[in-house]
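Structure, as structure tokens:
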Amino acid sequence: MGPFSLGLTEEQRDLRDWVHGFAADVVRPAAAEWDEREETPWPVIREAAKIGLYGFESLADMYGDPTGLSLQIANEELFWGDAGIGMALFGTSLAVAGIFSAGTPDQLAEWVPQCYGDQQDPKVAAFCVSEPDAGSDVAAMRTRARYDEARDQWTLSGQKAWITNGGIAGVHVVVASVDPALGARGQAAFIVPPGTPGLEGARKIRKLGLRASHTADVFLDDVRVPGHCLLGGGEKLEARLARAREGAAERRGPGGTGPGRAKSQAAMATFEVSRPTVGAQALGIARAAYEYALEYADGRVAFGRPIVENQSIAFALADVRTEIEAVRLLIWQAAWMARDGRTFDAGQGSMAKLRAGELAVSATEKAVQVLGGAGYSREHPVERMYRDAKIYTIFEGTSEIQRLVIARAITGRQIR
């Protein structure tokens, strides 16, 4: 065993500098325009694909890092550039995480490249879980999947809500209920290939932030997909459903959780994989706001001196910088644990996402306050960062849900 070190490897430093350069030279200059237009920044996606930043090869290289840090480093730097464009580029990776967490090696090989398209014609992908009445409560999902054994075909019906890249994606990964009586344990994930009839994106949502990232409802009207589009395969699903049915009566007993309280195998496994990465995105926003506020405070003169020389400003910036360093370590720890196959025995993935999301909100709010009236105007990017940050205490598990996960992990009890 080598000496303990928190230093990055040469490859990780090169990755950080490469993504930072793209964020500084390409993303930041385009950020205000695409936020205002509220449209998918396809020119930026094409530029990222051209240099190899957007594509399954680069994602595979990041996933291949044995420390688990490369994906977090890239997300922090890209979202330092702009969160809306960052999500337009990295939103596809959530669908890829869904395939990775549930799919077979053959399914990964077939579908992950299609999520991205190619350099000449890049595509985006969507991970469809949330519904109008099933956000944090994944067990309340109404989208159904029915199997026709004679045709070896699944039929998906239902509605998904707040879906990143919904409707404009090539590949949609859809989580649906196979056995509603089993609640969350009766769910499975399916690939809906490009151009499949019956899937329609509707009601593009106009959002407070992340405006360059497309979000929409997705309707599934008797969408038929071949049997091999069930992620993980039929035998694995049947074995899992059988185990869930055997344990259903026990879970309903005194002190039991009930079938609806069990962890969704299809959805929550994906979120467990993605939480440190989502935390890294929030950290990038916080760091961008902090750096901008620090530079502004150093140059802004009031009452004869730079405002950074006032304790109220300097201490606020010191607090934010301290939180940035602490949150990064939480994210890196969770990412390393996940990559090393260690269990989040104290909810470390949720810890990272919780603290990062709340830091993004507090750091951007302080940045607006440091800039004063200038921070409230669109002449400075901190107001956009402020709008972008809020979603990180809401999506992929609200702050309240993260606290619930942590509380259950540390107490061993079914906290509700």
Global form of segment 94-152, assessed from the alpha-carbon gyration tensor, a/c cut-off 1.5: oblate
Additional length obtainable on full extension of the chain from Gln369 to Asp137, 0.36 nm per residue less Cα span: 80.0 nm
Semi-axis lengths (Å, descending) of the ellipsoid that matches the C-alpha gyration tensor of the chain: 37, 24, 20
Computed lengthening from Arg378 to Asp106, 0.36 nm per intervening residue step minus Cα-Cα distance: 93.1 nm
Packing-based order for 152-164, 58-70, using average beta carbon neighbours within 10 Å, highest first: 152-164, 58-70
Gyration tensor verdict on segment 42-86 (Cα atoms; rounded if a/c is under 1.5, prolate if a/b is larger than b/c, oblate otherwise): oblate
Kirkwood Rh, Cα atoms: Rg over Rh of segment 4-155: 1.03
Under-13-angstrom lysine pairs by C-alpha in the chain, whenever the two are 8 or more apart or on separate chains: 4
Segment Ile410-Arg13, extension gain: residue separation times 0.36 nm, minus the distance between their alpha carbons: 139.4 nm
Selected from Ile205, Ile331, Ile99 as most flexible by GNM, with the chain as the system and alpha-carbon contacts under 10 Å: Ile205
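Throughout, read-outs are computed from the coordinates displayed, never taken from laboratory work. As the structure is a computational prediction, the values presented were derived from the model and not from experiment. As a convention, Cβ positions derive from the backbone with ideal geometry for all residues, glycine included, and neighbour counts pool all protein chains shown.
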